[in-house]
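Some notes on the structure that comes next.
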Amino acid sequence: MATAVMHPSMAPAGAWSEPTTPQPRGMFIGTPEIYFTKRIDNSRVVKVADPKRRREMIWFCTTLAVLFVFALVYLWQHLSAIECGYRIEQLKSQRDAIVESNRVLGLEEASLKNPARIDELAKQIGMQRPVNGQWQPMNIDSAASSAPVLAKAGGIVVIAEAP
């Protein structure tokens with residue numbers, strides 16, 4: 001048997017009596033550790049196969065694998081539900097933005113269709129209101145208001161102004 005003595009400074013045992021560097025005051029040197037080496041020969045040890053233990057381990061591993069698959073399926077469904085929730089919230093915010101944009105466009109359309117505004121713009125570019133005889137109202141039956149109407153150009157006279 002071989003015996004070896006190790007010191008925390010890893011110095012050989014003969015050098016312990018001669019300190020090469022002074023140790024700082026209050027530093028714990030510790031107790032030297034002693035190791036005994038022993039050679040073990042396991043060449044004659046043979047592992048005996050135990051069929052009952054093998055069946056138990058296969059059953060345990062199969063059960064563990066099934067539980068792991070169930071856990072993965074649960075996590076996948078849970079994370080998919082969370083992702084769908086985020087997607088729903090994103091779509092709701094997009095819908096709200098579109099509704100607000102539609103409201104703003106409706107207000108803009110109403111302001112642009114304002115007859116007083118159109119009349120003012122027409123006067124600014126030099127247009128005048130038609131006089132009697134220059135326009136004819138279309139006769140539309142109130143019962144068939146959704147039916148298409150054919151426009152006729154009968155009896156309209158164009159009057160040119162003299163320069």
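When peptides 35-44, 111-120 are ranked by their average number of other Cβ atoms within 10 Å per residue, the highest-first order is 111-120, 35-44. The spacing between the range 53-80 and the range 88-121, judged by their C-alpha centroids, is 56 Å.
Inter-label distance, Ile40 to Ala122: 10.9 nm, where each label sits 7 Å from its Cα along the C-beta direction. Using the Cα centre of the range 37-133 as origin and beta-carbon charges of +1 (Lys, Arg) and -1 (Asp, Glu), tell me which of Ser101, Met127, Ser43 is placed farthest towards the positive end of the dipole. Value: Ser43. Here the Karplus curve 6.51 cos²θ - 1.76 cosθ + 1.60, taken at θ = phi - 60°, turns the phi angles of the range 93-98 into couplings of 5, 5, 4, 4, 5, 5 Hz, with x standing for Gly and Pro.
What net charge do the residues around Ala110 carry, taking every other residue with its C-beta under 12 Å from that of Ala110, with Lys and Arg at +1 and Asp and Glu at -1? Around Ala110, the charge tally is +1.
Every read-out reported here was derived from the displayed coordinates using simple, explicitly stated rules and does not represent laboratory data. Remember, it's a predicted structure, so these values are computed and weren't measured experimentally. Glycine also receives a Cβ, built like all others from the backbone with ideal geometry; neighbour counts cover every protein chain displayed.
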